[in-house]
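Chemist: What follows is a structure written as structure tokens; I'll ask about it next.
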Amino acid sequence: MPDSPTPISTAEDLPTSETIRLLHGRVSVRRYTDRPVDDAHVEAVLRAAFRAPTSSNIQSYSVVVVRDPETLKQLSVVTSNQRHVAEAPVFLAFCADMARIETAMTGYGHDIDGNNLEMGLVCSIDAALVGMSASLAAESLGLQGVMIGAIRNDATEAARILGLPHRVYCVYGMVLGWPAEAPPPKPRMPYDAVVHYERYGERRSARSMEEAVAAYDAELAAHYRGQGRTTNDDSWTADVAKKFSVRPRQKLRGDLAGQGFDFG
Ligand SMILES: Cc1cc2nc3c(=O)[nH]c(=O)nc-3n(C[C@H](O)[C@H](O)[C@H](O)COP(=O)(O)O)c2cc1C
């Protein structure tokens, strides 16, 4: 650490833009008005999202647009009955998709069996980048929503419901709608706890990582309590310690293998 740490700029000092303001205002929204999200809005959002960068131009993603109430109900069950999934104005399933790659490879006499961790990751990263781009495009139109990782609670059942073929799995879903709530933005880990210069550990901060996390714990606890929610004083630390004390989604590896992703 330098002897006299470079002062950390306040957000007000920094360059800004419409996109940066949009990002600072974004929150997960789980309640929506009755106004439908029409196909034109979905298409505008997805066409923009497909401009996301994609590894080696493989474009290894597909999106399933779901509106049917019965399908939404079934998807909600997979997500441990999340209400906003069952009542979603529209649900977008962002899928990692190796099917087109497999066709290309087969045409040239190769096969995709034994595809490895790198291939699975690349396809999943592609799908994630498209999803985040869609989220921002949607926000820019006034739509808001929430990503749904709980679709991986049972990736096999999600694939059945969505009719996903072999070599395709749903990385996460996203509910979009016209917002009927305006939750305050959830605080993030302090900048100086997350950013390092040149080498990990070289931080422009007088406080230790532990002090920065403790400050965040207190800020997050105040945020939750301000919303009438019960939390520990060490809010973030207690939450993540509990969340990962039991390894999540132990059947996921098997589910994804069943969909043709070896992750070996
Ligand atoms: C990949 C991913 C999966 C998520 N899955 C769920 C989910 O299943 N249900 C839910 O209500 N929120 C889900 N979220 C939303 C997070 O809980 C939320 O982004 C986080 O608490 C931060 O809050 P914010 O988005 O309001 O800033 C997910 C977010 C991400 C990025």
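The values are calculated or read from the model by the stated rules, or taken from the named source; none is laboratory data. From a predicted model like this one, the values you see are computed outputs, not experimental measurements. Virtual Cβ from ideal backbone geometry, glycine too; neighbours counted across all protein chains shown. The protein model used for the area step is the full one, side chains on, heavy atoms only, and it has no ligands, DNA or RNA in it. Shrake-Rupley method; radii C 1.70, N 1.55, O 1.52, S 1.80 Å.
Chemist: Hey, can you tell me all the residues within segment 56-84 that are within 15 Å of the ligand (Cβ to nearest atom) and assigned to a helix (DSSP H, G or I)?
Modeler: Correct list: L72, L75, S76, V77, V78, R83, H84.
Chemist: A further question follows. Applying the selection to segment 91-144, what residues are of a type in the set (V, I, T), assigned to a helix (DSSP H, G or I) and either touching a residue at least 40 places away in the same chain (Cβ under 8 Å) or open to solvent by less than 10 Å² (accessible area, probe 1.4 Å) (or both)?
Modeler: I101, V122, I125, V130
Chemist: Now for a different question. Could you check how many residues of segment 203-240 are of a type in the set (G, A, S) and either open to solvent by less than 60 Å² (accessible area, probe 1.4 Å) or touching a helix residue (DSSP H, G or I) at 6+ places or on another chain (Cβ under 6 Å) (or both)?
Modeler: Qualifying residue count, segment 203-240: 9.
Chemist: Open to solvent by less than 20 Å² (accessible area, probe 1.4 Å), modelled with pLDDT of 95 or more and assigned to a loop (DSSP other than H, G, I, E, B): which single residue out of V27, V45 fits that description?
Modeler: Residue meeting the stated conditions: V27.
Chemist: Can you tell me how many residues in segment 59-90 are open to solvent by 70 Å² or more (accessible area, probe 1.4 Å) and either touching a Lys or Arg at 6+ places or on another chain (Cβ under 9 Å) or not basic (K, R) (or both)?
Modeler: Initial filter on segment 59-90 (open to solvent by 70 Å² or more (accessible area, probe 1.4 Å)): 59, 67-70, 73, 77, 80-81, 83, 87.
Those left that are additionally either touching a Lys or Arg at 6+ places or on another chain (Cβ under 9 Å) or not basic (K, R) (or both): 59, 68-70, 77, 80-81, 83, 87.
Qualifying residue count, segment 59-90: 9.
Chemist: If you don't mind, another one. Looking for something farther than 29 Å from D39 by Cβ and away from the ligand (no atom under 16 Å from the Cβ) - is there at least one such residue anywhere in segment 96-104?
Modeler: As a first pass, look at segment 96-104 and keep what is farther than 29 Å from D39 by Cβ: 102, 104.
Applying the additional criterion that residues be away from the ligand (no atom under 16 Å from the Cβ) yields 102, 104.
Yes, segment 96-104 contains at least one residue that is farther than 29 Å from D39 by Cβ and away from the ligand (no atom under 16 Å from the Cβ).
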